[in-house]
Amino acid sequence: MKQKISGLYQKDGTKSVLAALISIIIGLAVGSLIILAVGVANPTLGLTGAWDGIRLVFVGILSTGRDAAGALTFGFNPTSVGNMLFRATPLILTGLSVAVAFKTGLFNIGAPGQYLMGTAATLIIALSIPSDVVPTWLIWWLAFLGGALAGALWGCIPGLVKAFLNINEVLACIMTNWIAANLVTWVFDGSNYRNLVENTKSGYIYKTSFNGVETAKLGLDKLFPNSQVNGGILVAIVIAILMYVLMTKTTLGYELKACGSNRHAARYAGIRDKRNIVLSMAIAGALSGAAAALYYLSGNTEFFWSTYQSLPATGFNGIPVALLAASNPIAVIFTGCFMSMLDIVGLQLTNLTAYNEYITDVIIATIVYLSAFTLVIKTFLSGRKKRKAQAARAQAVPEEAPKPDAAEGKGGDGV
Amino acid sequence: METENIIEMLHITKEFPGIIANDDITLQLRRGEIHALLGENGAGKSTLMSVLFGLYQPEAGEIRKNGQVVKIHNPNDATALGIGMVHQHFKLIDVFTVLDNIILGAETTKLGFLQKKEARKKVEALSERYGLKVDLDAKVEDITVGMQQRVEILKMLYRDNEILIFDEPTAVLTPQEIDELMDTMREFAKEGKSILFISHKLNEIMAVSDRVTVLRKGKYVGTVNTKDTDQQSLSNMMVGRPVQLKVDKTPAKPGDVVLDVKGLSVHARTRKKDAVHDVSFQVRKGEIVCIAGIDGNGQTELVYGLTGLEKCSGGAVTLCGKDISHASIHQRGENMSHIPEDRHKHGLVLDFTLEQNLVLQRYREPEFQHLGFIKKGAVRQYAERLIEQYDVRSGQGPVTIARSMSGGNQQKAIIAREVDRDKPLIVAVQPTRGLDVGAIEYIHSQLVAERDKGRAVLLVSLELDEVMSLSDRILVMYEGEIVGELDPATTTVQELGLYMAGAKRTTKAGEQA
Ligand SMILES: Nc1ncnc2c1ncn2[C@@H]1O[C@H](COP(=O)(O)OP(=O)(O)O)[C@@H](O)[C@H]1O
Ligand SMILES: [Mg+2]
């Protein structure tokens, strides 16, 4: 039994999980410290206020508000969980986008641009096909696939540039991000998808609920009443599983990883390295595009089209999601949910305490830094294990400490 | 305090997952001697030296310098003790200049500014004194391996190291460079520096060392005086059984033409000139044809042109009756297996497991995949068979990460993979580079066995011994052309040397063998 546990400990996967957990706990601890510091410094909050904040940081997802006496109450809160799943949906997909590229040796920092192109394609398809002629489910699928395709094509660009001109994909990704931001703004600026009806708001595109092309709830609204969750989360989970299978079980995954790990050896083995680099980036782009599609097809989200000055955070947040998951597609499901849980925690802090959601930004930032260090933590974990073994041996050895004289004899001439 | 032994490593034990790389090893280095460390690939030589250099911490044992116990936690500690190391795989920064690489980590500064001028003077003086010619302002990526090694040596000298470790320094050198290195080492020893020298090449060890310590599979076998021993007994000690140093083979019975090369030219990567110019030859079933020559005379490019890694710029290549001049690497692979020159660049995906590497050329075959899904069980079984049959040693069998395997076993894995593909033509480029006699014996006998099964073997080798003993026909390459065809039975090493140096040729450009 003990052996089994230590065997588990030695497994790389276990170390990755431990490293991620350590990053998360440190992140939450740092957030708590800040809450404590602010609380102590601020007489209206005080220690009790800080204690409320800290509890929310750790288990905010289970918060059910305050009771009559004003104390925080906890329990299963289906609305929060549902909202968490809803917000996790695009994060899981952009996380996958970054993770799959990582596995094939590429750093896809272009997820925001691919996400934007996916957004544009999805909304244009969803809003322009007349829903009184074409069944809405068909429009939904066309819009979803269109979004993924647009992301894929956008991802291809850095892929092509890398494969044929040997220009680093990070550079090309950054450039294509901003091209996408300007392109999308320009396209919608002149379009008639702008929501001019609800004129209390300006700068937004119609929601897809406008013409009924919204993601089916698939009964999830019953499970998590009053939340925004819909079938998109199931689609994201299925895609994550497909990616896992693709990367670990198929010849295509083998080829992609071979190219990423050693392009020369892949070429030597007759693998078309250029094609595979482009393909990796296309898959990554498709995932980011799909992230956007699922988010904006939900029916209750609005796109602020004037994006030329900023890139969507969902795209960048794919990076910590992937890092925390050590690029394992299945783990991405959980790290995506975790990141969106922090969002919910931020809302709870704002709603229930005098703190605001920016605390969670600090937590996320800490975790992002630490997740880049997961490798270091992993090495540390293996090192500790070794040192333990060493210490154990050192205790057993003393009686037979090295005898220099014997060594002299051995080291002499002849055998 | 002057002790006879400057360094003593006593009862060193170092484990890696699944393998004890050093098991209770004791090594004593005398002041001013050249001490050779001999052992098969994976015997633990590099590991032992890495322990001395502070790269690994041993689980047991101690190190003494001048009789005092010392703790070496990292290479900085080692440097402080005057220990320097030239690694098997050089550790230079490609984009830095030679000078920067030499002073890196030991920079002299004044008020935080680099004092490059002084450093340059010191390096120039050292380079002059030992005849270590380097171009201080060239970038490392632009210089030859031989010069890179001189840079590594200068790095040690610059740090005033008195204990110098050379981990397989000759594996990457041309015969002439090897002679120069030997002279340099003797010079160091004369000045009282103590040298640890790792090599597989028994003739080098016989030529340069004072004493030899032999390791086998992580264990200490013994230490002998070089003048009291000979090559045969050293190799027996190292392998643990009598070794056949000469290749055992019957005369070739060449059959049909398998590979027919006509007027092949291949462009050079960097220069305008052809690296391979108008080369023609044939390889038949059941013969081993060897391309001999000094490194850098177009052999690499010739192989790239044949295997498709580089485009041919002229001429025609016919393999098994099919014109493959413009075929893809994959298509050529249908009739050709290729043991590449650079096992880390082309031969292996180092971060993949051994089993993943063993199917690198075959994962597309129905035996290993169904509808695009890899058959895990079949891959595992196949890997286990190859590992067993070709005696590939590693810590964790099929799931060992290739990077953690010793160089010799990495090479064995490649040989296993390529030979087992059963293709009519085997292109083997320096298949025994850096390997120990046991492994060389094995690989040579494999190639001869493949020949006897009716395969055509095209061997590219820089080792004269290998060329003379293994080939049935020799083609000599000089400056991108084939300058002569020789019969190993009637030719001498001296004559071969003349062709290789370009002093003699029997074919004019355009009318080659
Ligand atoms: N960093 C490492 N991790 C795991 N195994 C290693 C590592 N370095 C070496 N080994 C293993 O230890 C053994 C000794 O290797 P090495 O010292 O490199 O041999 P050599 O005598 O050829 O230099 C080999 O079996 C090798 O696979
Ligand atoms: Mg070695």
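The values are calculated or read from the model by the stated rules, or taken from the named source; none is laboratory data. Owing to the predicted nature of the structure, the values given are computational and were not obtained by experimental measurement. Heads up, the Cβs are rebuilt from the backbone with ideal geometry, glycines too, and the neighbour counts pull from every protein chain shown. What goes into the accessible areas is simple: the full protein's heavy atoms, side chains included, and nothing from ligands, DNA or RNA. Shrake-Rupley method; radii C 1.70, N 1.55, O 1.52, S 1.80 Å.
Right, A:Leu370: modelled with pLDDT of 85 or more and touching a helix residue (DSSP H, G or I) at 6+ places or on another chain (Cβ under 7 Å) or not? Against the criterion (modelled with pLDDT of 85 or more and touching a helix residue (DSSP H, G or I) at 6+ places or on another chain (Cβ under 7 Å)), A:Leu370 does not qualify. Considering only residues that are part of a strand (DSSP E or B) and modelled with pLDDT under 90, look in segment B:1-19 and name the one that is nearest to the other protein chains (Cβ to nearest Cβ). That would be B:Phe16.
No other residue among B:Leu486, B:Leu470, B:Leu459 is more than 30 Å from B:Met238 (Cα to Cα) and of a type outside the set (Phe, Trp, Tyr) apart from B:Leu486.
The rows are residues; the columns are (1) under 30 Å from B:Val243 (Cβ atoms); (2) β-branched (Val, Ile, Thr); (3) within 16 Å of ligand 2 (Cβ to nearest atom).
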residue	(1), (2), (3)
B:Glu4	no, no, no
B:Ile12	yes, yes, yes
B:Ala21	yes, no, yes
B:Met49	yes, no, yes
B:Ala60	no, no, no
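Can you tell me which of B:Asp94, B:Asp100 is surrounded by fewer than 16 Cβ atoms within 10 Å (Cβ to Cβ) and over 18 Å from B:Lys193 (Cα atoms)? None of the others qualify; the one that does is B:Asp94.
Apart from one condition, B:Leu55 fits all of (1) under 20 Å from B:Lys193 (Cα atoms); (2) within 25 Å of the chain's Cα centre (by Cα); the exception is (1). For segment B:213-239, filtered to residues that are facing chain A (nearest Cβ under 10 Å) and not hydroxyl-bearing (Ser, Thr, Tyr), the residue that is farthest from B:His200 (Cα to Cα) is B:Asp228.
Of the residues making up segment A:114-136, those that are among the hydroxyl-bearing types (Ser, Thr, Tyr) and surrounded by fewer than 24 Cβ atoms within 10 Å (Cβ to Cβ) are A:Ser128, A:Ser131, A:Thr136. For segment B:350-367, taking the residues that are buried (at least 22 other Cβ atoms within 10 Å of the Cβ) and aliphatic (A, V, I, L, M), the one that is nearest to the other protein chains (Cβ to nearest Cβ) is identified as B:Leu360.
Counting only residues that are among the charged types (D, E, K, R) and within 16 Å of ligand 2 (Cβ to nearest atom), segment B:419-444 holds 2 of them. In this structure, A:Ile61 qualifies as at pLDDT below 90, within 20 Å of the chain's Cα centre (by Cα) and surrounded by fewer than 24 Cβ atoms within 10 Å (Cβ to Cβ). Give the residue that is farthest from the other protein chains (Cβ to nearest Cβ), with candidates limited to residues of segment A:278-296 that are under 20 Å from the mean Cα position of the chain (by Cα) and open to solvent by 20 Å² or more (accessible area, probe 1.4 Å). This residue is A:Tyr296. A single entry from B:Ala43, B:Ala36 fulfils the requirement of being part of a loop (DSSP other than H, G, I, E, B), within 16 Å of ligand 1 (Cβ to nearest atom) and buried (at least 23 other Cβ atoms within 10 Å of the Cβ): B:Ala43. The residues of segment A:223-277 that are more than 7 Å from every other protein chain (Cβ to nearest Cβ), open to solvent by 50 Å² or more (accessible area, probe 1.4 Å), assigned to a helix (DSSP H, G or I) and charged (D, E, K, R), listed by number, are A:Arg263, A:Lys274, A:Arg275. Scanning segment B:25-35 for residues that are of a type in the set (A, V, I, L, M, F, W, C) and more than 14 Å from chain A (Cβ to nearest Cβ) yields a single hit, B:Ile34. Taken together, the criteria exclude B:Gln115 from residues that are touching a residue at least 24 places away in the same chain (Cβ under 8 Å) and either in the same structural domain as B:Leu435 (by TED's automatic domain parsing) or of a type outside the set (Phe, Trp, Tyr) (or both).
Does segment B:338-355 contain any residue that is of a type in the set (S, T, N, Q) and within 30 Å of B:Val493 (Cβ to Cβ)? Within segment B:338-355 (the criterion being of a type in the set (S, T, N, Q) and within 30 Å of B:Val493 (Cβ to Cβ)), the answer is no, since none of the residues qualifies. Within the bounds of segment A:328-341, is there any residue that is surrounded by fewer than 23 Cβ atoms within 10 Å (Cβ to Cβ) and in contact with an Asp or Glu (Cβ under 9 Å, 6 or more places away or on another chain)? Within segment A:328-341, none of the residues are surrounded by fewer than 23 Cβ atoms within 10 Å (Cβ to Cβ) and in contact with an Asp or Glu (Cβ under 9 Å, 6 or more places away or on another chain). If you go through segment B:171-199 and keep only what is within 13 Å of ligand 2 (Cβ to nearest atom) and open to solvent by less than 10 Å² (accessible area, probe 1.4 Å), you end up with B:Leu196, B:Phe197, B:Ile198, B:Ser199.
Considering only residues that are away from ligand 1 (no atom under 16 Å from the Cβ), within 14 Å of chain A (Cβ to nearest Cβ) and of a type in the set (A, V, I, L, M), which ones fall in segment B:403-427? B:Val427 - this is the single residue of segment B:403-427 that is away from ligand 1 (no atom under 16 Å from the Cβ), within 14 Å of chain A (Cβ to nearest Cβ) and of a type in the set (A, V, I, L, M).
Scanning segment B:396-418 for residues that are hydroxyl-bearing (Ser, Thr, Tyr) and in a loop (DSSP other than H, G, I, E, B), we see that the one that is farthest from ligand 2 (Cβ to nearest atom) is B:Thr400. Looking at B:Ser337, is it outside the structural domain of B:Leu173 (by TED's automatic domain parsing) and over 21 Å from the mean Cα position of the chain (by Cα)? Against the criterion (outside the structural domain of B:Leu173 (by TED's automatic domain parsing) and over 21 Å from the mean Cα position of the chain (by Cα)), B:Ser337 does not qualify.
Name the pairs whose Cβ atoms lie under 6 Å apart, with the first residue in segment B:10-21 and over 26 Å from B:Gly67 (Cα atoms), the second away from ligand 2 (no atom under 14 Å from the Cβ) and open to solvent by 70 Å² or more (accessible area, probe 1.4 Å), and 6 or more positions between them or separate chains? From segment B:10-21, the pairs are B:Gly18/B:Gln396. B:Gln28 fulfils the conditions (1) part of a strand (DSSP E or B); (2) within 16 Å of ligand 1 (Cβ to nearest atom); (3) polar (S, T, N, Q) except for a single criterion, (2). Candidates B:Ala316, B:Ala327, B:Ala275, B:Ala292: the one that is closer than 25 Å to B:Gly408 by Cα, of a type in the set (A, V, I, L, M, F, W, C) and open to solvent by less than 40 Å² (accessible area, probe 1.4 Å) is B:Ala292. Residue under question is B:His89, and the condition is that it be surrounded by fewer than 17 Cβ atoms within 10 Å (Cβ to Cβ) and within 16 Å of ligand 2 (Cβ to nearest atom); does it hold? When the stated conditions are applied, B:His89 passes them.
Of the residues making up segment B:173-229, just one is among the hydroxyl-bearing types (Ser, Thr, Tyr), in a helix (DSSP H, G or I) and more than 21 Å from B:His87 (Cα to Cα), namely B:Thr226. Looking only at segment A:306-323, residues that are at pLDDT 85 or above and open to solvent by 10 Å² or more (accessible area, probe 1.4 Å) come to 9 in all.
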